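Data block below; observations after.
The values are calculated or read from the model by the stated rules, or taken from the named source; none is laboratory data. Owing to the predicted nature of the structure, the values given are computational and were not obtained by experimental measurement. Please note: Cβ atoms are built from the backbone with ideal geometry, for glycine as well, and neighbour counts cover all protein chains shown.
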Amino acid sequence: MRSHNRQLFLLCLSSAALVLAGPATAAVPTPASPPAEVVLQYRDEQIVTYRAWLQEGHLVVQVQHQEPWHTYAMDNVERARERSGKQRPDTELPTVIALQGDLRATGGWLQTAPRELSQPELRWYTWGFEGISYFAVPISEPDAFEAGEAKITINGQACTAERCAMIDDLEFVLSTEAPPPNDLVLEIHELIPLAGP
């Protein structure tokens, strides 16, 4: 990322509520962090942190998982369908990121190469992410954003070996007021395209 000649925008969290399956779940902004960051909690345990910004004509979403939690690839169903031969394979829910308002994708999504988490003996095929992972998509970037007109929503599933939590309509709104990230370096060319079709 070349911050000296690239204008970056962060997304600010427009909703403090995120519903996760299970008791006592919450989404709370991290103190002293840019407003684009939100920490998902299950009971008193941190699960996943999302951050999102624009970089070099791409919308970038960073996902940071706390051990032992993981989330799933955007193309999880397509990968499971190819491996199992079933049109409707048994697998976990994929990550879905929807663009709204003034944001327009001009190409396909990219993602960190997912790790296979399958259990072939159970004919259960799935791929996901641990640690830090990224999604990115090229966008048509308007000259300016009006408040509330450029949004993304994230849906998916976070799991451990024993339990899962739903991620329902986590919404971010673009802000030109937020400070640019000065500690993030992402080589977009290292991400891979989604599996077909």
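If the requirement is being touching a Cys at 6+ places or on another chain (Cβ under 9 Å), of a type in the set (Gly, Ala, Ser) and in contact (Cβ under 8 Å) with a residue 24 or more places away in the chain, which of these qualifies: 128, 101?
Criteria check complete, one pass: 128.
Answer yes or no: is there a residue in the range 118-128 that is among the hydrophobic types (A, V, I, L, M, F, W, C), touching a Lys or Arg at 6+ places or on another chain (Cβ under 7 Å), modelled with pLDDT of 90 or more and crowded, with 19+ Cβ neighbours inside 10 Å. Give the derivation first.
Going residue by residue through the range 118-128, those that are among the hydrophobic types (A, V, I, L, M, F, W, C) are 122, 124, 127.
Keeping just the survivors that are touching a Lys or Arg at 6+ places or on another chain (Cβ under 7 Å) gives 127.
With modelled with pLDDT of 90 or more added as a condition, the list becomes 127.
In the following step, the residues that additionally are crowded, with 19+ Cβ neighbours inside 10 Å were identified as 127.
Looking for residues that are among the hydrophobic types (A, V, I, L, M, F, W, C), touching a Lys or Arg at 6+ places or on another chain (Cβ under 7 Å), modelled with pLDDT of 90 or more and crowded, with 19+ Cβ neighbours inside 10 Å, one finds at least one in the range 118-128, hence yes.
Just wondering, is there one or more residues in the range 70-78 that are in contact with a helix residue (DSSP H, G or I) (Cβ under 6 Å, 6 or more places away or on another chain) and under 21 Å from residue 169 (Cα atoms)?
The answer is no, given that none of the residues of the range 70-78 is in contact with a helix residue (DSSP H, G or I) (Cβ under 6 Å, 6 or more places away or on another chain) and under 21 Å from residue 169 (Cα atoms).
Condition check ((1) at pLDDT below 55; (2) over 23 Å from residue 115 (Cβ atoms); (3) basic (Lys, Arg)) across all residues:
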| position | (1), (2), (3) |
| --- | --- |
| 2 | yes, yes, yes |
| 7 | yes, yes, no |
| 27 | yes, yes, no |
| 30 | yes, yes, no |
| 39 | no, no, no |
| 75 | no, no, no |
| 92 | no, no, no |
| 96 | no, no, no |
